[in-house]
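Undergrad: One structure coming up, written as structure tokens, with questions to follow.
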Amino acid sequence: MYEGYQGLIFDMDGTILDTEPTHRKAWHQVLGKYGLQYDLAAMVALNGSPTWRIAQSIIDSNKADLDPYHLAAEKTSAVQAMLLDTVQPLPLIEVVKAFHGRRPMAVGTGSEHGMADALLRHLGLRQCFDAIVGANDVENHKPAPDTFLRCAELIGVPPENCVVFEDADFGIEAAKRANMAFVDVRTL
């Protein structure tokens with residue numbers, strides 16, 4: 001089905017790895033310290049965004065006076081403590097395995113580069129990907145196309161010859177803006 005593409009680019013959280021429950025648990029733990037709440041639907045709408053942007057949204061909705069970068073760092077630390085014990089690959093990982101060694105592939109994620117690298121190594125999947133582009137690797141995040149354009153550059157494939165696998169509206173918008181085909185994995 002994806003043979004016509006020269007390069008494959010995968011979002012990570014919720015697309016190839018089941019990290020969402022752990023992310024929600026970490027947010028709940030950190031926000032509880034400050035007596036803050038989050039709206040799950042609003043958070044899901046921000047999937048694919050860097051953690052600091054989600055933190056800013058939570059701060060705004062709670063009318064709190066906190067530094068979004070500090071709150072994001074606390075959440076990242078909490079998730080790191082839990083994630084390696086809980087993360088599991090999602091069914092789409094079979095596409096990754098099927099194309100490993102046959103097409104250049106990259107991960108373009110709203111997570112930090114180091115976290116993505118650690119998770120993929122932990123699961124024995126890092127060698128499947130020629131490149132990782134994380135939130136700290138680009139200035140403009142999804143829905144801007146920068147993450148996926150950098151992936152295409154690193155794997156040496158023109159954007160119009162890449163397909164992006166995504167589970168979030170921001171990521172799909174980023175793929176469109178990058179002039180790339182996309183697969184909304186929520187419909188598979």
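The values are calculated or read from the model by the stated rules, or taken from the named source; none is laboratory data. Keep in mind the model is a prediction, meaning the values are calculated, not measured. Virtual Cβ from ideal backbone geometry, glycine too; neighbours counted across all protein chains shown. Areas reflect the complete protein model, heavy atoms only, side chains present, ligands, DNA and RNA absent. Shrake-Rupley method; radii C 1.70, N 1.55, O 1.52, S 1.80 Å.
Undergrad: Mind listing whichever residues of region 60-73 are among the hydroxyl-bearing types (Ser, Thr, Tyr) and either touching an Asp or Glu at 6+ places or on another chain (Cβ under 8 Å) or in a loop (DSSP other than H, G, I, E, B) (or both)?
TA: Residue satisfying the conditions is Ser61 alone.
Undergrad: Hey, can you tell me all the residues within region 111-120 that are at pLDDT 95 or above and among the charged types (D, E, K, R)?
TA: Of everything in region 111-120, just one residue is at pLDDT 95 or above and among the charged types (D, E, K, R), namely Asp117.
Undergrad: Test of understanding: among Tyr2, Tyr38, which residue is under 18 Å from Ala168 (Cβ atoms), assigned to a loop (DSSP other than H, G, I, E, B) and in contact with a Phe, Trp or Tyr (Cβ under 8 Å, 6 or more places away or on another chain)?
TA: Tyr38
Undergrad: Can you work out which of the residues in region 111-141 that are in contact with a strand residue (DSSP E or B) (Cβ under 7 Å, 6 or more places away or on another chain) and open to solvent by 40 Å² or more (accessible area, probe 1.4 Å) is farthest from Leu84 (Cα to Cα)?
TA: Looking at residues that are in contact with a strand residue (DSSP E or B) (Cβ under 7 Å, 6 or more places away or on another chain) and open to solvent by 40 Å² or more (accessible area, probe 1.4 Å), I get Asp130.
Undergrad: Could you list all residues from region 17-40 that are open to solvent by less than 70 Å² (accessible area, probe 1.4 Å) and among the hydrophobic types (A, V, I, L, M, F, W, C)?
TA: Leu17, Ala26, Trp27, Val30, Leu31, Leu36
Undergrad: Now for a separate question. Give the residues of region 76-110 that are at pLDDT below 95, over 16 Å from the mean Cα position of the chain (by Cα) and open to solvent by less than 60 Å² (accessible area, probe 1.4 Å), sorted by residue number.
TA: Ala78, Met82
Undergrad: Need the failing condition index for Ala64 against (1) open to solvent by 10 Å² or more (accessible area, probe 1.4 Å); (2) touching a residue at least 12 places away in the same chain (Cβ under 8 Å); (3) within 29 Å of Tyr5 (Cα to Cα), just the number.
TA: (3)
Undergrad: State all residues of region 42-58 that are open to solvent by less than 70 Å² (accessible area, probe 1.4 Å) and hydrophobic (A, V, I, L, M, F, W, C); if no residue qualifies, say none.
TA: Across region 42-58, the qualifying residues are Ala42, Met43, Ala45, Leu46, Ile54, Ala55, Ile58.
Undergrad: Something else now. Looking at Ser49, Ser57, can you tell me which residue is under 23 Å from Asn136 (Cβ atoms), under 18 Å from the mean Cα position of the chain (by Cα) and not in a helix (DSSP H, G or I)?
TA: Ser49
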